[in-house]
Amino acid sequence: MIYQGVYRTPSLWCRLHSTYVRKMRYLFELKEDDGICRQAQNSGTFYLFHNLSPFLKKVGSKYLAPQISVAGSLEKSVIESELRGLFTELRKAFFQLDGKDAPLLSSAQALLRWHDTHQYCSKTGQPTQKNLAGSKRVCHTNGIIYYPQMSPVVITLVSDGSRCLLARQASFPKGMYSALAGFCDVGETLEETVRREVAEEVGLEVESLWYSASQHWPFPNSSLMIACHAMVQPQQSKISVNKLELEAAGWFSLEEIMEALGREPKPLKQEDGSFSLWLPPKWAIAHQLIQEWVKLQASSPA
């Protein structure tokens, strides 16, 4: 099969089920009842993917992930030609999409990836079968049911009061910096993970921290990003970068961050050969942490 369709609920249903509870009950039925799911698929629209890359179409100055009614299996080039769009690698798509399509595409790709990597039972080695909705896989040899899972990841924006700390990995696009991030180890609390990651990656000791929000992230294999702010003492803010984890890290002033927020999110080479600072896409939780820090600086007494 050349492409995969990910179902999105039709607008008629949205009008008929206007409350949150009804919505959740209906989505539960879609996942558990193949008959209800089949009816919905016959009247619904789909996001299209090819090799885990979503189909995007430029409308005016914006890029959209259109919901399309599709029948049959078409070649990738035929779809792109007839629908006048391109299948785009998801990381690149995140910088082109708004907050409406991006979270849905994130969830969709994570689910497709999970099905691709969980086709066999880890106990019996026998093939597993997905249900019609794709919400689970079953090993019919012993009845084991597998559900998609997420790995907890802490993402932390460190500040010394007047500056924030951003870092980059070698895999990042040139000039892009983000908050520190790392997986939670078995047995760790959220607070312990924050303190350990900051110590491991930049050699700083966290004095205080607080939770901000969370977000699903499809990379590398579906993660729950748990966003926090952390404070360190200004007199103890000398960075020692762990080169096994990071390519670079540095402190950035409010002025530098404000300038980066006003800049297009893409590599910009300067005269000296370096690249201007740019930040993660607007809907990413790292971007939200940075925006929160900016607001905090604006509200703090001079």
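Read the figures in this text as sums done on the coordinates, not as results from a lab. This is a predicted model, so every value here is computed, not measured. Counting neighbours? That spans all protein chains shown, and the Cβs are built from the backbone with ideal geometry, glycine included.
Provide the percentage of antiparallel DSSP beta bridges, counting only those with both residues in segment 151-299; round to the nearest 5. Before the final figure, lay out the partial values.
Numbers: 23 of 33 bridges.
Percent antiparallel among DSSP bridges in segment 151-299 is about 70.
Once the Cβ-Cβ distance between Leu190 and Lys130 is put in as r, and R0 is 25 Å, what FRET efficiency do you end up with, to the nearest 0.05?
Details: r = 32 Å, r/R0 = 1.29.
Taking R0 as 25 Å, the efficiency between Leu190 and Lys130 is 0.20.
Just grab the label-to-label distance for Val78 and Glu245, each label 7 Å out from Cα along the Cβ direction, in nm (one decimal).
5.0 nm
For the chain, take the longest principal axis of its alpha carbons; what is the angle in degrees between that and the long axis of helix 20-32, to the nearest 10 within 0 to 90?
60 degrees
Suppose each label sits 7 Å from its Cα in the direction of the beta carbon; what would the Lys58-Ser122 distance come out to in nanometres?
4.4 nm
Would you list the P(r) distribution for the chain, with all Cα-Cα distances sorted into 20 Å bins from 0 and each bin expressed as a whole %?
Percent of pairs per bin, in order: 27, 52, 20, 0.
Can you give the Kirkwood hydrodynamic radius of segment 143-302 from its Cα pairs, in Å with one decimal?
Values: mean 1/r = 0.0609 Å⁻¹.
Kirkwood hydrodynamic radius for segment 143-302: 16.4 Å.
Note the full-extension length gain between Thr19 and Asn51 as 0.36 nm times their separation in residues minus their Cα-Cα distance, in nm to one decimal. Mind showing how you got there, number by number?
Numbers: separation 32, 0.36 × 32 = 11.52 nm, distance 3.53 nm.
Full extension from Thr19 to Asn51 adds 8.0 nm.
What's the magnitude of the charge dipole for the chain around its Cα centre, counting Lys and Arg as +1 and Asp and Glu as -1 at the beta-carbon? Answer in Debye, nearest 20. Let's see the in-between values first.
Working: 32 positive and 30 negative charges, 258 e Å.
Its charge dipole is roughly 1240 debye.
In degrees, nearest 10, range 0 to 90: what is the angle between the Cα axis of helix 34-43 and the longest Cα principal axis of the chain?
Computed tilt is about 80 degrees.
For a footprinting-style exposure proxy, rank Ser212, Ser162 by other Cβ within 10 Å, fewest first.
On the way: Ser212 17, Ser162 12.
The most exposed by this proxy come first: Ser162, Ser212.
To the nearest 0.05, how large is the calculated FRET efficiency for Leu296 and Ala199 if R₀ is 41 Å and r is the Cβ-Cβ distance?
Computed FRET efficiency for Leu296 and Ala199: 0.95.
Going by how many other beta carbons lie within 10 Å of each one, how would you line up Thr141, Thr117, fewest first?
On the way: Thr141 13, Thr117 9.
With the fewest neighbours first, Thr141, Thr117 line up as Thr117, Thr141.
To make sure I understand, if each residue's beta carbon is the centre and we count other beta carbons within 10 Å, what order do Ser276, Ser299 fall in, fewest to most?
Details: Ser276 16, Ser299 7.
Fewest-to-most Cβ neighbours within 10 Å comes out as Ser299, Ser276.
If R0 is 30 Å, what FRET efficiency do you get for Glu29 and Ser162 from their C-beta distance, rounded to 0.05?
Values: r = 53 Å, r/R0 = 1.75.
Efficiency computed from Cβ-Cβ geometry: 0.05.
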